[in-house]
Each structure stands twice: as C-alpha cells, then as structure tokens.
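Okay, structure first, notes after.
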Amino acid sequence: MLRSCLSAPRQFEPDSVQLFDSVTGLNYSSYTNDRHITYRVAIPDPLPGNLEYDTVLQVIAPIDVGWAGLAWGGAMTYNPLAIVWANGTNNVVVASRIAYGYYSPPAYPQANYTVLKTGTHINATHWQVTAKCSGCSKWGDDDIGFTELDPQYQVTFGFAYGNNPVDTPSSIESTFGIHDSIGHPVYDLQVAKNTGFTAKVEGL
C-alpha cells in the first residue's frame with residue numbers, strides 16, 4: 001500500500017518562499033520561523049518515478065539556538081528527523097533520528113546526511129549547515145506502506161528547536177532536552193527543483 005499522508009492538494013498559500021542561494025547555486029523552498037531559524041529544502045529536476053531521490057537541507061539559526069530539527073513527515077514521531085547543532089566554533093553536526101515518544105530520539109540509519117563544505121559555517125551571530133540527505137524523500141515498508149515527498153502536492157514539514165545546548169555537542173549520538181517550540185509549515189517543493197542537481201551537489 002502506498003500512502004502520502006503529509007501531502008495535500010494545492011488549496012492554500014504555502015508558508016515557504018522560493019529562494020536562490022548564490023553560494024550553493026541551488027533553488028530552495030525556504031521558511032523562517034518566529035525564532036528566526038530558516039529551513040530550506042532543494043530537490044532534483046526531473047524526479048524518478050518511484051520518488052526515491054536525494055534532497056538538500058539547509059538550516060540557518062541564531063548562534064544562541066541550542067539545536068534545530070526538521071521532521072520530513074510533518075510530525076515529531078515515526079518519520080525521518082534531522083537534528084542540527086553547532087559544535088564549538090567551527091563544526092555543525094547533523095544527526096539522523098526518528099522519534100517514538102517524548103524522549104530523546106534514537107538514531108535512524110535509513111536516512112544518511114552528508115554535510116557539504118560549501119554552505120556550512122559558523123560566525124559571530126549564526127550557524128549554518130547545508131547537507132545532502134539520502135533517504136529523506138520516501139520512507140516506510142511493505143507492511144505499513146510508504147510516505148513520500150511529492151512536489152505535485154503541498155507538503156507539510158515539521159520544525160522544532162531547543163534553546164538549551166545538546167548534552168554532548170561533539171557526539172552525533174548526543175541526547176538533548178525537549179523542544180521549546182514546534183511548527184508545521186506548508187512547503188511548495190515545485191520551486192525547490194534544480195536541473196543538474198547531482199552534479200551541483202557533488203561540486204559542493
């Protein structure tokens with residue numbers, strides 16, 4: 001059985017906007033929340049028929065944000081999560097997690113993140129990461145079905161953030177406290193498409 005529970009017909013104005021990032025050379029669908037954390041997603045064009053494709057996630061956060069998370073399925077449980085935090089003054093960590101309840105989510109090996117040097121940095125006011133994800137566009141199994149990111153529809157992502165630092169910033173396996181806020185922005189992924197996506201990402 002195939003299911004796409006996070007997608008909806010195009011009936012509302014999306015919360016995201018189109019943004020071209022001259023540093024990475026990619027088009028993104030971009031959303032900034034009330035904590036001034038920006039979550040951007042880029043995808044290939046064309047897409048494979050099975051909707052299994054790599055994505056690029058870019059997160060920009062004020063320096064005093066402890067961690068920021070994106071839920072690819074729009075909810076905090078049972079879908080791939082990207083949890084991001086700064087480690088010191090030179091390194092940004094992206095941890096692949098999945099949540100099953102209100103406790104620190106364990107690792108999720110089915111989604112793999114590769115931090116890209118271009119578009120990743122820390123300065124006096126913000127930290128930023130740009131990372132390729134393999135396994136974030138489709139997830140599930142034959143028993144429960146599959147959920148997928150289909151840009152033909154409006155897609156709901158979820159965000160969360162914590163103001164307190166993670167427990168062990170140097171470890172990708174670090175635990176962290178419960179979020180200070182969450183949200184569920186609607187994205188238009190049609191504007192996030194990029195021709196020559198694979199070559200562009202490989203060059204970053």
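The values are calculated or read from the model by the stated rules, or taken from the named source; none is laboratory data. All of these numbers come straight from a predicted model, not from anything done at the bench. We place every Cβ from the backbone using ideal geometry, glycine too, and count neighbours over all the protein chains shown. Areas reflect the complete protein model, heavy atoms only, side chains present, ligands, DNA and RNA absent. Shrake-Rupley method; radii C 1.70, N 1.55, O 1.52, S 1.80 Å.
Listed values, structure above:
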quantity	calculated
Residue-normalised accessible area of the range 109-150, given per residue in Å² at a 1.4 Å probe	47
Estimated vicinal HN-Hα couplings, Hz - the range 13-23 in sequence order (Karplus 6.51, -1.76, 1.60; Gly, Pro = x)	5, x, 7, 7, 10, 7, 9, 9, 9, 5, 6
The chain, accessible surface, carbon-and-sulfur percent (1.4 angstrom probe)	52
Coordinate range along principal axes, alpha carbons of the range 26-83, Å, largest first	41, 29, 14
Net charge of Cβ neighbours under 13 Å - reference PRO165; Lys, Arg +1; Asp, Glu -1	-3
Candidate lysines for bridging to LYS200, where Cα separation is under 21 Å - those fewer than 8 sequence places away on the same chain excluded	LYS117, LYS132
Cβ-defined net charge surrounding LEU204, 13 Å radius [Lys, Arg +1; Asp, Glu -1]	0
Selected from TYR78, PHE157, THR118, residue furthest toward positive end of dipole (the chain; charges at beta carbon)	THR118
Unit charges on C-beta of K, R, D, E only; dipole of the chain, Debye	300
